[in-house]
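FYI, it's all coordinate maths here, none of it is from the lab. Here the structure is a predicted model, which is why all the values come from computation and not from measurement. Every residue, glycine among them, receives a Cβ derived from its backbone with ideal geometry; neighbour counts consider all protein chains shown.
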Amino acid sequence: MTTTLDFLDPVETQKRPLAEALIAIADTKLVLGNWHVVCLNNGKSLPDYAALLAMAASAFGHARALYDHLATFGLEYAELERGRGAAAIHSLGVLDAAPGDWQDFVVTAYLADQASWLQAARYLSHPERTLAGLARRIGEETYFHLKYATGWAAEFAREPASAQRARDALLRRYRQALAWFPVNDGDAQAAGRRQAFAEAAQKLLDILGQGGELPSAADTTIHAGDTPLRRRAPLPERLYERVRFKDADAAP
């Protein structure tokens with residue numbers, strides 16, 4: 001089964017690239033918010049539970065705000081939120097595989113938050129003020145998500161075995177997240193986003209203090225080509241069953 005963007009057919013041709021990018025960001029927030037919910041019971045303390053619930057709420061809020069904005073493109077909000085199958089959700093592939101432990105959860109959420117923020121930051125100066133304001137709000141709230149992850153990385157660094165598990169997870173997951181930021185010598189902004197993403201991952205690696213080098217080549221199994229924000233494979237069925245809002249009452 002291949003993925004589809006047929007639900008974007010009502011969007012005007014000149015707005016399609018923007019719609020595709022916003023869908024990728026929103027869908028990533030949808031999946032990431034569900035990661036926070038599913039992993040809630042793995043929190044190590046009461047502050048973790050509060051933080052995970054807050055981060056889930058903001059991730060779902062970002063997704064729904066983006067879906068609401070996409071409704072101005074002629075799309076149906078209900079279809080975007082609840083009406084798409086696994087082949088029509090275009091989230092970042094790094095979230096496809098469930099975390100193996102707490103270290104894996106923290107570093108993968110960090111990569112997904114960094115990636116989605118760097119894509120959203122493209123619209124901070126967008127002439128449409130609603131979209132620019134939404135991008136700014138995403139950045140403000142994501143800042144605290146990233147601080148949470150770097151704080152945990154500092155805790156991991158206190159115990160070599162824990163730090164090594166986090167490092168191994170980061171090096172393993174990074175290649176797939178990097179695919180959202182392809183090398184494109186003709187686009188200075190794209191190159192800048194890739195560099196910023198690499199620097200953010202390196203920062204986390206440095207905090208862990210376990211050495212290792214970030215891979216330079218992306219894993220393009222899920223994202224590749226001239227449209228890296230599109231998925232080449234559907235959301236895994238078990239993940240899809242976890243994240244989809246089956247009806248209006250089930251939506252957060």
Next on the checklist: Can you give me the angle between helix 160-178 and the longest principal axis of the chain, using Cα atoms only, in degrees from 0 to 90, rounded to the nearest 10?
Outcome noted: 30
Checklist entry - Ranked highest first by the average count of other Cβ atoms within 10 Å around their residues, in what order do 163-171, 131-139 fall? => result 163-171, 131-139
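What net charge do the residues around Ala161 carry, taking every other residue with its C-beta under 15 Å from that of Ala161, with Lys and Arg at +1 and Asp and Glu at -1?
It works out to a net charge of -2.
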Checklist outcome for this item: Going from the fewest other Cβ atoms within 10 Å to the most, one would list Leu118, Leu146, Leu46, Leu32 as Leu46, Leu146, Leu118, Leu32
Checklist outcome for this item: The exposure ranking of Val94, Val183, Val243, Val31, fewest beta-carbon neighbours within 10 Å first, is Val183, Val243, Val31, Val94
Checklist entry - Which residues does a label at Thr13 reach in segment 53-84, if reach means a backbone N under 20 Å from a point 7 Å past the Cα toward the Cβ? => result 73-75
Checklist entry - For segment 1-109, with the dipole built from +1 on Lys and Arg beta-carbon atoms and -1 on Asp and Glu ones, taken about the Cα centre, which of Ala21, His90, Gly43 lies farthest toward the positive end? => result Gly43
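Per residue, what volume in Å³ does the Cα convex hull of segment 153-252 take up?
Convex hull of Cα atoms, per residue: 155 Å³.
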Checklist outcome for this item: The base-10 log of I(q)/I(0) that the Debye equation returns for the chain at q = 0.11, 0.17 Å⁻¹, one scatterer per C-alpha, is -0.55, -1.39
Checklist entry - How many Lys pairs in the chain lie less than 22 angstrom apart by Cα atoms, where the lysines are 8 or more positions apart or on different chains? => result 5
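Please report Tyr110, Tyr77 as a ranked list, fewest other C-beta atoms within 10 angstrom at the top and most at the bottom.
Fewest-to-most Cβ neighbours within 10 Å comes out as Tyr77, Tyr110.
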